[in-house]
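Visitor: Here you go, one structure.
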């Protein structure tokens with residue numbers, strides 16, 4: 001008979017007792033949801049669907065629908081009941097009852113004209129909604145690029161910290177070798193601390209930029225997706241300024257809104273002139289009278305059916321005030337449309353010039369500034385190791401490296417935002433992208 005050691009038996013029993021507990025823990029542990037990754041087109045689409053202000057404005061469509069419904073309704077008929085008795089005058093046997101139903105009829109096609117105005121109001125609403133979507137898409141793009149450039153600046157600050165940490169290590173080694181005074185190592189230590197402080201400020205700015213973008217997207221507080229994108233873009237502009245201005249005139253929702261408002265103003269003038277024609281009211285009445293004879297005291301009864309037509313006489317009021325008001329509104333819309341057309345041309349021209357300038361600045365960084373920057377920094381660092389230059393030269397070169405790369409990121413950001421502003425001002429995808 002084989003003897004099993006006591007320790008082994010206890011250990012085996014302990015393992016079998018732990019297995020159910022481990023399984024319960026694994027089964028009860030919450031399954032981490034897959035982190036959602038969103039690109040710029042998805043972010044814009046999400047914003048257009050979930051932004052709070054935009055969703056609130058979409059709900060206002062019901063107001064326009066109600067206005068159209070109201071414009072198409074006919075006036076309600078009027079029911080009148082009249083009863084009289086002679087009890088108070090000593091003729092209790094005399095009494096009368098009458099019932100009348102009247103209906104107002106809209107003349108000169110007023111109902112159709114009111115419906116035309118309500119449809120114009122609904123058309124204006126749809127263009128106003130498109131305008132809000134245009135502005136929100138542009139604002140979302142700008143917020144997205146602000147976030148991306150903040151992330152790039154954070155990565156650049158980490159590189160800057162790495163450079164200063166390397167410099168500090170070199171100064172410590174040279175100090176131990178007796179090649180430099182302690183002051184140089186202290187200078188390197190100060191630069192390392194300053195670069196770490198700069199990183200903290202960039203992290204704070206990054207959190208603010210992310211919060212702004214998530215607010216525009218209307219994301220719930222419990223959702224924190226990964227937002228992906230870059231500042232580099234292969235898209236180039238292929239359309240000239242005149243073509244872009246023409247596209248803006250054809251596509252801008254604010255222009256369409258003013259055009260719809262102008263058309264609605266014409267319909268309001270027509271209706272106002274028609275309102276000078278009064279409506280006809282027709283009524284049908286049934287009257288039952290009981291009268292007593294003074295001679296023999298007998299009662300007589302009679303039933304009368306009557307037809308009544310009534311119409312106001314347009315002697316003083318031809319709705320002159322309504323016509324004048326409608327004309328003023330139409331003229332105002334026409335003036336604002338003309339002014340907006342000219343303003344859009346200038347806006348597109350300014351956005352186009354901004355994009356061309358941003359492209360030139362970015363090209364200058366890529367061809368004239370960046371190629372030698374990294375090589376100069378390496379040569380300066382190696383020269384300091386060999387004792388050929390002082391530490392201040394290295395510090396200045398590293399600062400220049402950070403500032404130039406930060407300027408390059410700004411140039412990338414300016415180019416993307418300039419393109420975004422140009423597309424927003426034209427209200428059209430002008431580069432063939434998404």
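Visitor: Over 23 Å apart: what share of the alpha carbon pairs of region 198-286 falls there, rounded to a whole percent?
Guide: Counting pairs separated by more than 23 Å, the tail of P(r) holds 69 percent.
Visitor: Please quote Rg/Rh for region 55-169 to two decimal places, taking the Kirkwood radius as Rh and restricting both calculations to Cα atoms.
Guide: On the Cα set of region 55-169, Rg over Rh gives 1.62.
Visitor: Once a ≥ b ≥ c are taken as the square roots of the eigenvalues of the Cα gyration tensor of the chain, is the result rounded (a/c under 1.5), prolate (a/b larger than b/c) or oblate (a/b not larger than b/c)?
Guide: Taking the square roots of the gyration eigenvalues as a ≥ b ≥ c, the chain is oblate.
Visitor: Specify whether the C-alpha gyration tensor of region 139-273 places it in the rounded, prolate or oblate class, a ≥ b ≥ c being the square roots of the eigenvalues: rounded for a/c under 1.5, otherwise prolate if a/b is larger than b/c and oblate if not.
Guide: Prolate, since a/c reaches 1.5 and a/b exceeds b/c.
Visitor: Using Cα centres only, tell me the gap between region 301-357 and region 147-199 in whole Å.
Guide: First find each Cα centre; the distance between them is then 69 Å.
Visitor: On to the next question. Which order results if 144, 168, 57, 316 are arranged by neighbouring Cβ count within 10 Å, fewest first?
Guide: 316, 57, 168, 144
Visitor: Below 8 Å, C-alpha to C-alpha, sequence gap of six or more: please give me the relative contact order for the chain in percent.
Guide: Contact order relative to length: 23 percent.
Visitor: Tell me whether region 242-303 comes out rounded, prolate or oblate; compute the Cα gyration tensor, take square roots of the eigenvalues as a ≥ b ≥ c, and use a/c under 1.5 as the rounded threshold.
Guide: Because a/c hits 1.5 or more and a/b exceeds b/c, region 242-303 counts as prolate.
Visitor: P(r) for region 84-144, please, calculated from all Cα pair distances in 5 Å bins and given in %.
Guide: The calculated distribution, bin by bin, is 4, 12, 8, 8, 7, 6, 7, 6, 6, 6, 6, 5, 4, 4, 3, 3, 2, 1, 0.
Visitor: If you rank 261, 121 by fewest surrounding Cβ atoms within 10 Å, what's the result?
Guide: The order, fewest Cβ neighbours first, is 121, 261.
Visitor: What full-extension length gain, to one decimal in nm, is calculated for residue 299 and residue 42 as 0.36 nm per residue of separation minus the Cα-Cα distance?
Guide: Between residue 299 and residue 42, full extension yields an extra 83.7 nm.
Visitor: A further question follows. In what order do 212, 342, 141 fall by count of nearby beta-carbon atoms within 10 Å, going from fewest to most?
Guide: 342, 212, 141
Coordinate-derived values only; no laboratory data. Note that the structure is a prediction, hence the values are computed from the model and not measured. Glycine also receives a Cβ, built like all others from the backbone with ideal geometry; neighbour counts cover every protein chain displayed.
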